[in-house]
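The values are calculated or read from the model by the stated rules, or taken from the named source; none is laboratory data. Please read these numbers as outputs of a predicted model, since none were measured by experiment. All Cβ positions, glycine included, derive from the backbone under ideal geometry; neighbour counts span all protein chains shown. The area values use the complete protein model at the heavy-atom level, side chains included, leaving out ligands, DNA and RNA. Shrake-Rupley method; radii C 1.70, N 1.55, O 1.52, S 1.80 Å.
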Amino acid sequence: MSAAFPPSWYASSLPEPPALPPLRGELQADVAILGAGYTGLTAALELALRGQRVVVLEAQRIGWGASGRNGGQALVGYGCEVDELERQLGREDARHLFDWSRDAVQAMRARIDRHGIDCHWVQGHASVAIRARHEQDLRANCEHLQQHYDYPMQWWPRDTLRMQLDSPRYRAAMFDPLSAHLHPLAYARGLADAARAAGVVIHEASPVTRIQRGANAVLHTDHGSVRAPQLVVAGNALLQGLVPELERRIMPVGTYIGASAPLGAERARALIGNNMAVSDTAWALDYFRLSHDHRLLFGGRASYSALPPPGLHRVMQRRMHQVFPQLADIPLQQVWGGYVDITRNRAPHWGRLDGNLYFAQGFSGHGVAAAGLAGEVIAAAISGQSERLDVFQRLQHAPFPGGRLLRMPLLVAAMSWYKLRDALW
């Protein structure tokens with residue numbers, strides 16, 4: 001186990017909680033969960049409130065993976081656009097999935113209020129276009145959601161956008177008034193506190209070394225085991241060989257974010273007048289928002305090779321200055337990163353194996369709200385209400401080509417083409 005949480009502004013802005021003890025010995029539960037991120041913790045909380053005995057095993061610390069390091073943007077929808085959902089499921093079930101994601105953002109806010117989680121929730125998000133092609137696609141998506149999904153999306157031309165976002169880089173925006181942003185690590189820890197208060201047992205520093213599948217399944221660690229008739233695998237990009245048939249359908253991708261020096265309230269609000277979160281529509285996107293202590297949190301620069309990009313801090317700072325030239329005197333004080341898991345079509349990959357092993361993965365960089373929805377959907381299915389999970393499981397996911405040796409080089413080549421396309425037209 002790491003001596004401390006991975007360095008980030010998120011971790012340094014919070015007091016570090018006492019570590020929870022690692023698993024020692026054998027336990028019996030109604031449900032055993034691998035992973036103390038948003039999916040595992042939400043499922044645990046929902047199941048405990050239904051009277052189930054739940055044990056969660058976390059290899060490191062609560063929120064150690066993507067749940068504690070992400071951009072903090074809790075967005076309606078999924079990693080893919082609705083046209084992929086419509087292509088696979090038809091308009092009616094695509095609408096169901098979209099509406100459930102909308103409900104998930106509202107459920108997050110309700111959970112925060114109910115359990116008193118101090119995580120600086122702020123409403124509003126803008127998707128912004130850099131090039132004419134991006135603007136055309138973004139406007140078509142906005143109109144589609146307005147007309148066919150009854151969603152209160154707003155179209156902002158350049159002049160309207162500049163009233164809220166003081167950057168010369170963007171042509172127009174699709175503004176979503178219902179999506180939000182928050183402090184992701186504070187939310188993860190608050191979820192864990194709520195789950196433990198409801199009776200969930202969480203063991204940190206307890207990496208699962210083997211999953212024994214069957215009617216009475218077992219999660220094994222080096223120093224103990226948890227036996228349960230129902231398992232939830234919520235390890236996403238960090239499964240490390242535990243469930244190979246799942247891992248073939250996702251790819252870990254490095255993504256990075258930095259925190260600027262404090263700007264002060266006046267200068268920060270001059271950048272983003274309504275305090276919304278923002279992400280652009282380029283393939284290698286930038287995304288950013290303001291923190292509660294008036295820093296700019298700026299993310300992007302994905303790595304598809306599992307290696308941090310060379311000169312990461314310098315590159316991230318240059319990208320921030322391209323978006324906001326008026327911050328040329330402001331450095332990024334800290335840069336950190338981690339892995340997200342992507343599917344080939346960017347659609348969510350949720351379902352069950354063997355009748356009693358439930359999983360959720362493939363959030364594709366769009367998991368803050370969707371991961372909580374996955375936890376809710378899995379908890380409902382374990383409790384006998386599987387209608388929503390059954391719809392998600394109809395989504396088809398091809399494995400990444402190339403096998404274990406070649407699939408990452410092939411992905412790097414493909415992503416290089418998309419980046420080049422964005423740069424040229």
Between helix 403-424 and the chain: long-axis angle, C-alpha atoms, 0 to 90°, nearest 10: 20 degrees
Degrees between helix 184-197 axis and first principal axis of the chain (Cα, 0 to 90, nearest 10): 30 degrees
Exposure of E143 as accessible area (Å², to 10), given a probe of 1.4 Å and all protein chains: 70 Å²
Point-charge dipole on Cβ atoms (K/R +1, D/E -1) for the chain, about Cα centre, debye to 20: 880 debye
On Cα atoms only, tilt of 38-49 relative to the major axis of the chain in degrees: 50 degrees
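Looking at the square roots a ≥ b ≥ c of the eigenvalues of the Cα gyration tensor of the chain, which shape do they give, rounded for a/c under 1.5, prolate if a/b is larger than b/c, or oblate? The partial results should precede the final answer.
Working: a/c = 1.58, a/b = 1.41, b/c = 1.12.
Taking the square roots of the gyration eigenvalues as a ≥ b ≥ c, the chain is prolate.
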Residues Q154 and D293, FRET efficiency given R0 of 25 Å [Cβ-Cβ distance, rounded to 0.05]: 0.30
Residue (of A360, P152, P6) at the positive-pole extreme of the chain, dipole from beta-carbon charges: P6
Full-stretch length increase - A140, Q240 - with 0.36 nm per residue and alpha-carbon distance subtracted: 32.0 nm
L165 long-range amide H proximity, modeled H, under 5 Å: G273
Estimated inter-spin distance, A215 and D390, nm [label 7 Å along Cα→Cβ]: 2.4 nm
At R0 = 45 Å, FRET efficiency that the Cβ-Cβ distance of A197 and W283 yields, to 0.05: 0.60
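Between L49 and H223, 0.36 nm times their residue separation minus their Cα-Cα distance comes to what?
On the way: separation 174, 0.36 × 174 = 62.64 nm, distance 2.87 nm.
Between L49 and H223, full extension yields an extra 59.8 nm.
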Relative contact order (%) - criterion: Cα under 8 Å, at least six apart; region: the chain: 24 percent
Added length on full extension, which subtracts the Cα-Cα distance from 0.36 nm per residue, S13 to M163: 51.0 nm
Computed [θ] at 222 nm, deg cm²/dmol, the chain (DSSP H ≥ 4; -39,500 (n - 2.57); rounded to nearest 500): -11000 deg cm²/dmol
Heavy atoms of C80 accessible to a 1.4 Å probe, total area in Å² rounded to 10: 10 Å²
